[in-house]
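Asker: Let me begin by handing over the structure; questions about it come next.
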Amino acid sequence: PYFTFEGMGRLGAELEMYAEIKQAASDAIMAAGGTITHHHAVGRLHRPWYDQQRPELFAKALKAVKRTLDPNGVLNPGLLIDA
């Protein structure tokens, strides 16, 4: 399922409010045993929670593949793994 939300905002603080809501919602999802992702993949906004859920062995394998296929680090640098 795909959910969204609506509520009263603080004019000029929309991005700050979004970040607060995103943090609280994502933390609650993880605390309940859920995973953080998006129908377009993980994405930059989900990276902090992805790092917590991604197995370390997978991270090492992904880094090795990235070094081999993208030695100059030009394809989505820092998106799923640190350079």
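Asker: Quick check on the range 42-83: of everything there that is β-branched (V, I, T) and within 30 Å of E16 (Cβ to Cβ), which residue is nearest to the chain's Cα centre (by Cα)?
Answerer: Among those that are β-branched (V, I, T) and within 30 Å of E16 (Cβ to Cβ), it is V42.
Asker: Can you pull out every residue in the range 23-49 that is part of a helix (DSSP H, G or I) and in contact with a Leu (Cβ under 7 Å, 6 or more places away or on another chain)?
Answerer: At the first step, the residues of the range 23-49 found to be part of a helix (DSSP H, G or I) are 23-31, 44-49.
R44, the sole residue that qualifies.
Asker: I've got another one for you. Considering only residues of the range 1-22 that are acidic (D, E) and assigned to a helix (DSSP H, G or I), which is farthest from the chain's Cα centre (by Cα)?
Answerer: Restricting to residues being acidic (D, E) and assigned to a helix (DSSP H, G or I), the top hit is E14.
Asker: If I ask for residues that are of a type outside the set (A, V, I, L, M) and surrounded by 13 or more Cβ atoms within 10 Å (Cβ to Cβ), which ones from the range 43-67 would you list?
Answerer: Once the filter is applied, which keeps residues that are of a type outside the set (A, V, I, L, M) and surrounded by 13 or more Cβ atoms within 10 Å (Cβ to Cβ), the range 43-67 yields G43, H46, R47, P48, W49, Y50, D51, Q53, R54, K63, K66.
Asker: Restricting to the range 49-73, name every residue that is in contact (Cβ under 8 Å) with a residue 12 or more places away in the chain and not charged (D, E, K, R).
Answerer: W49, Y50, Q52, Q53, A59, L62
Asker: OK, next. Looking only at residues in the range 1-42 that are loosely packed, with under 10 Cβ neighbours inside 10 Å and of a type in the set (S, T, Y), which one is nearest to L80 (Cα to Cα)? Write out each step before concluding.
Answerer: Within the range 1-42, the first condition is being loosely packed, with under 10 Cβ neighbours inside 10 Å, and the residues that meet it are 1-8, 10-12, 15, 31-33, 39-40.
Checking the rest, the ones that are also of a type in the set (S, T, Y) come to 2, 4.
Working: Y2: 23, T4: 24 Å.
Checked the range 1-42; the qualifying residue nearest to L80 (Cα to Cα) is Y2.
Asker: E56: out of contact with any Pro (no Cβ under 9 Å at 6 or more places or on another chain), under 27 Å from F3 (Cβ atoms) and among the acidic types (D, E), yes or no?
Answerer: no
Asker: Only one of G34, G73 is farther than 26 Å from G7 by Cα and small (G, A, S); which? Walk me through it before giving the result.
Answerer: Working: G34 fails: farther than 26 Å from G7 by Cα.
Among G34, G73, only G73 is farther than 26 Å from G7 by Cα and small (G, A, S).
Asker: In the range 55-81, what residues are farther than 15 Å from V42 by Cα, of a type outside the set (A, V, I, L, M) and outside any loop (DSSP other than H, G, I, E, B)?
Answerer: Within the range 55-81, E56, K60, K63, K66, R67, T68 qualify.
Any read-out appearing in this document is the output of simple, stated calculations on the displayed coordinates, not a laboratory observation. Fair warning: this is a prediction, and the values are worked out from it, not measured in the lab. As a convention, Cβ positions derive from the backbone with ideal geometry for all residues, glycine included, and neighbour counts pool all protein chains shown.
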